[in-house]
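I have placed the structure first, in the form of structure tokens, so that the comments after it can refer back to it.
Each value in this text was obtained by applying a stated rule to the coordinates, not by laboratory testing. Computed from a prediction, not measured in an experiment: that's the story for all the values here. Virtual Cβ from ideal backbone geometry, glycine too; neighbours counted across all protein chains shown.
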């Protein structure tokens, strides 16, 4: 009996393990099941990595006192309000407001200045940098102003999603100087690195920042090509900007900046 049952198992074995014929219903059902399982695994990996994508953009140093708070334009006011909070806490007693032309003679630095005055910052505590139209120029022209006023330390303030690129560009521009920089992103910002994908604005700024960070590592000729088309940061030859008028050359006898005649 035992030998007979073994023979039956051997006879049934090949039939039970017979391969599914390609093109049949069972074949496609198995393929679809495997595809669905792979898709679910991929979706889970992507979902779990989304917070890391947002966190990578955020750079935050330990707060430390400095001579000036460098506030970058480009938002709706939360950067300036955070800088004012740090100003009130005594981390710095001056503000350097960086932002270029908006319309006619109006600059983003002008809007930041008005906001600062409304909050109660005395006008003599405000330094204006009214030329920068991108993050690299924020760094380049703010360094000019700091060297002119003899400042040797600064807290650089911007939005959380912007800080990775800010640090890369400011470190590049300030290399070789004795100026100490501390990078602080806005606290209690509308941008949440842990849930950025839930809003259209969050998805937009994250995508834009990763594209711009990618551009920073491109060869110079590609960066020049993209910059001429209004995308990304200036290439290195244009960044140098040493053929531009110096700060002292743009000062008139009243001590105010003349409107710059710059091609950028």
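Fully extended, how many nm does the chain gain between residue 64 and residue 152 (0.36 nm per residue separation, minus their Cα-Cα distance)?
Working: separation 88, 0.36 × 88 = 31.68 nm, distance 1.34 nm.
Result for the pair: 30.3 nm of gain on full extension.
Computing FRET efficiency as 1/(1 + (r/R0)^6) for residue 93 and residue 49, where r is the C-beta to C-beta distance and R0 is 45 Å, gives about 0.60. Multiplying the residue separation of residue 187 and residue 114 by 0.36 nm and subtracting their alpha-carbon distance yields 24.1 nm.
Please find the FRET efficiency linking residue 194 to residue 218, where r is the Cβ-Cβ separation and R0 is fixed at 45 Å, and quote it to the nearest 0.05.
Here the calculated transfer efficiency is 0.90.
Net length available on complete extension from residue 208 to residue 171 is 11.2 nm, with 0.36 nm assigned per residue and the Cα-Cα distance removed.
Inter-label distance, residue 85 to residue 102: 2.3 nm, where each label sits 7 Å from its Cα along the C-beta direction.
Using the empirical formula 2.2 N^0.38 Å as the baseline, the Cα radius of gyration of the stretch 103-200 reaches a ratio of 1.20. The stretch 71-91 and the stretch 120-154 have Cα centres spaced 14 Å apart.
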